[in-house]
Each structure stands twice: as structure tokens, then as C-alpha cells.
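Here is the structure we will look at, set down as C-alpha cells.
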Amino acid sequence: MPVSLRAPDDFHVHFRQPPLLGTIVSDTARWFGRALVMPNTVPPITTADRLAAYRRDIEAAVGEGCPFEPLLTFKVVQGLADEQVRALAAAGAIGGKLYPQGVTTHSEDGVFDVASLAAVFEAMEELDLVLEIHAEAPGAFSLDREIAYLPTVEWIVRRFSHLRIVIEHVSSRDMLAALADLPPRVAATVTVHHLLLTLDDVIGGDLRPHHFCKPIAKRSADRDALCAAVLSGDPRVFFGSDSAPHPRSAKESDCGCAGIYTAPVAVPLLAEFFERAGLPLTESALPPQSACLESFVSRWGAEFYRLPLNERTITLSESQWVVPDDYDGVVPFRSGAKLRYDIATGGEA
Ligand code: DOR
Ligand code: ZN
């Protein structure tokens with residue numbers, strides 16, 4: 001039976017830059033109504049002009065007639081001025097992304113002195129922009145890096161008492177537990193790969209470079225805690241894929257890049273994930289706050305960002321397909337696997 005649900009939103013995606021951008025945007029636009037686009041381009045999105053140019057590149061790739069809407073962010077870097085933040089907001093940014101220095105792809109220009117950015121955070125608070133945080137402490141041991149950044153997150157939460165914050169791609173039981181003690185203006189995104197992988201899937205047998213990402217997948221207890229949070233229907237835990245394509249040669253390399261390309265497979269994998277847990281895919285006939293695929297991908301994130309819910313629907317059809325080995329030189333997550341759901345036609349809700 002085909003299943004219709006409100007078009008999903010992906011609240012964390014990497015679109016890169018032309019020419020790769022041109023080929024990967026459509027993999028997100030096919031499945032999602034909107035996506036929050038990360039600013040770790042080269043050079044980074046730190047000015048209104050760059051943001052406007054990046055939007056044009058994305059819109060050109062989306063093409064006319066496709067209802068997909070990119071949601072843009074800027075990068076919070078040392079020395080960013082509050083006037084720049086105001087100009088970025090006027091150009092349409094809805095969030096600013098904080099990368100601690102050196103923790104992931106293109107974060108060499110990241111933040112090393114959070115307190116020095118007080119004027120930026122105050123401007124964001126005033127403009128009602130969301131601060132997205134890659135919460136990993138530079139230099140800490142890989143598996144402890146996320147929780148080691150908690151004191152910095154807590155300092156920002158305390159000091160800027162109206163700022164809305166998203167802890168991106170939460171990957172550990174301890175960070176999830178900490179989220180519960182933070183105010184409701186703090187939320188977290190969860191990726192599909194962190195729901196399905198542990199560190200053993202990266203290095204437990206042969207080395208699997210296409211399972212390598214930051215933050216690294218951790219212990220079973222961490223994955224189980226993420227699954228439980230998503231399956232509980234917690235509205236502060238919503239979907240952000242962190243779909244992060246790199247050319248095959250940059251992954252299968254002596255010094256391989258972190259990032260997993262999940263855009264083409266995220267929704268069907270999540271549908272199977274909810275079904276395995278015995279939960280419904282859609283909200284129909286459910287009381288509000290119930291757990292299902294549709295709330296996780298199409299409601300909680302939009303509500304946190306104070307965006308209208310998508311009115312368009314997508315239809316999932318039960319038609320098995322095999323994930324290709326390659327999307328324009330990028331190896332997708334679960335390549336070669338058989339997936340049960342594909343996307344059928346769209347329509348109005
Ligand atoms: O695995 C990752 N890849 N994590 C990030 O935080 C960045 C991303 C990328 O840009 O490749
Ligand atoms: Zn990311």
C-alpha cells in the first residue's frame with residue numbers, strides 16, 4: 001500500500017559547490033520539501049553576498065518547477081561582526097553554524113574563543129536566528145569529543161538566555177541525557193547513519209571509509225539511546241541527515257574525508273527503521289506528540305524552527321530498489337542494499 005506523508009524537511013545537509021552541487025542537490029530535492037544547507041564551503045558563507053550567490057547556485061541546480069526550498073545558514077567564525085550577522089539575516093539566513101576549530105571538514109577557520117563572539121550571539125538572539133552547533137571539543141579523545149563540548153554548550157545556553165540552539169548530529173547517550181536537562185529552546189538533530197551504525201561498522205572488521213563521519217559512530221549503548229529518543233517521539237529530537245558527499249577518491253584514501261552521503265536513501269531507511277520498531281509511518285489517526293516517521297521528518301524540526309509545515313505530500317510506494325554503487329562519483333550510504341520504499345508521485349495535502 002502506498003503511504004502519503006507531509007513532505008519531509010532535512011535540517012542539516014551539505015550541498016558543496018559547483019560542479020558537485022549541480023548533481024547532488026536533486027537527490028535531496030527529490031525527497032525533501034526543504035533542507036537546511038550547511039555553510040562550510042570554500043570560502044565559507046560569512047557574508048550576505050556569498051549567501052546570495054550560494055542561494056543562486058542552489059536554485060539553479062534545483063531548476064524551475066521543483067517545489068524544493070533551500071534554507072540557508074552562515075558560518076560563525078572568529079572575527080565575525082554583528083553587523084555581518086544582521087546583513088546575513090536580511091539576506092535570508094535562518095541560522096548560524098558554529099564549528100569548533102579543526103574538528104571536521106573545512107573547519108580550520110572554526111571557533112576557538114566562544115566568549116569573543118558574544119556580540120554575534122546577541123545579534124542572533126535579537127534576530128531570532130538559530131545557532132547550530134557541531135558539538136565536539138578539539139583535541140579530546142574521539143569517543144569523548146562530543147560530551148567534552150557540553151560545558152561550552154551550557155555556557156552559551158546560560159549566557160544567551162533567549163537563543164535557540166540545535167546540537168547537530170547528536171551521537172552519544174551522554175549528550176542526549178544532557179539535552180533533557182537543557183531548556184526547551186535547545187534541540188538536537190539525529191542522522192539516519194547514527195541510528196544504524198556503531199564504531200564496529202567503521203573499524204570493527206575491514207576499514208569502511210564510507211561509514212566514516214564526524215562525530216564518529218560510537219558504542220551500541222549510544223546508538224540504542226539515539227534510537228530510543230527518536231522512537232519516543234520527543235519533539236526536541238528531529239531529523240537532520242548530515243548528508244555529506246565526498247568524491248570516492250577523497251574517501252578511499254590514505255587521509256580520507258569524514259562524511260556519509262545519505263540524501264538518496266535517508267527517507268526509505270527511516271521508513272524501514274520505524275516499521276521495524278512497530279511504529280506507524282504517518283500521523284493520521286494518531287494523537288499529537290505520538291512517535292512516527294512523519295513527525296520525526298516533517299513536523300518537529302519545522303516547529304522548532306517556527307516554519308510552517310509543508311503542505312505538499314510525498315508518497316512512498318512499496319517497490320524494492322537497489323541502491324546504486326555511485327552517484328556521480330560519490331558512493332552513497334548502503335550502496336548495493338535492497339530498500340523496500342521508493343518515492344512515487346507528489347501532490348497537495
Ligand atoms: O562527517 C562529517 N562531514 N561531519 C561534519 O561535521 C562535516 C561533514 C562534511 O562537511 O563533510
Ligand atoms: Zn554536517
- Rounded to the nearest whole number, the Stokes-Einstein translational diffusion coefficient of segment 138-273 at 25 °C and 0.890 mPa s (Kirkwood radius, C-alpha pairs) in µm²/s is 156
- Let me have the 222 nm mean residue ellipticity of the chain computed from DSSP H runs of 4+ only, each contributing -39500 (n - 2.57), with the sum over all residues rounded to the nearest 500. -9000 deg cm²/dmol
- Query: Along segment 294-307, what does the Karplus equation 6.51 cos²θ - 1.76 cosθ + 1.60 (θ = phi - 60°) give for ³J(HN,Hα), rounded to whole Hz, x for Gly and Pro?
  - Reply: 4, 5, 5, 9, 10, 10, 4, x, 4, 5, 5, 7, 6, 9
- Message: Restricting things to Cα coordinates, could you compute the convex hull volume per residue of segment 8-312 in Å³?
- Response: 126
- Query: So how compact is segment 250-300: Cα radius of gyration and Dmax in angstrom?
  - Reply: 15.7, 52
- Query: What is the Cα convex hull volume of segment 90-135 when expressed per residue in Å³?
  - Reply: 85
- Report the FRET efficiency, 1/(1 + (r/R0)^6), for S253 and D224, where r is their Cβ-Cβ distance and R0 is 22 Å, rounded to 0.05. 0.10
- Message: List the residues, sorted by chain then number, that are 5 or more residues from Y149 or on another chain and whose placed amide H is less than 5 Å from its amide H.
- Response: A137
- Amide H contacts of S241 (H built 1.01 Å from N, under 5 Å, at least 5 apart or other chain): F11, H12
- At what distance in nm do the modelled label points of D144 and A87 sit from each other, each positioned 7 Å from its Cα along Cα→Cβ? 4.2
- Message: Probe radius 1.4 Å, ligands and nucleic acids ignored: give me the carbon and sulfur share of the accessible area of the chain as a rounded percent.
- Response: 52
- Item | Histogram of C-alpha separations across segment 60-212, 5 Å bin width, % | 2, 8, 16, 19, 19, 15, 10, 7, 3, 1, 0
- Query: Per residue, how much accessible area does segment 8-312 have with a 1.4 Å probe, in Å²?
  - Reply: 37
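The values are calculated or read from the model by the stated rules, or taken from the named source; none is laboratory data. What you see is a predicted model; the values in this text were computed from it and never measured. Note that we place each Cβ from the backbone using ideal geometry, even for glycine, and neighbour counts take in every protein chain shown. Keep in mind that these areas ignore ligands, DNA and RNA; they rest on the heavy atoms of the full protein, side chains included. Shrake-Rupley method; radii C 1.70, N 1.55, O 1.52, S 1.80 Å.
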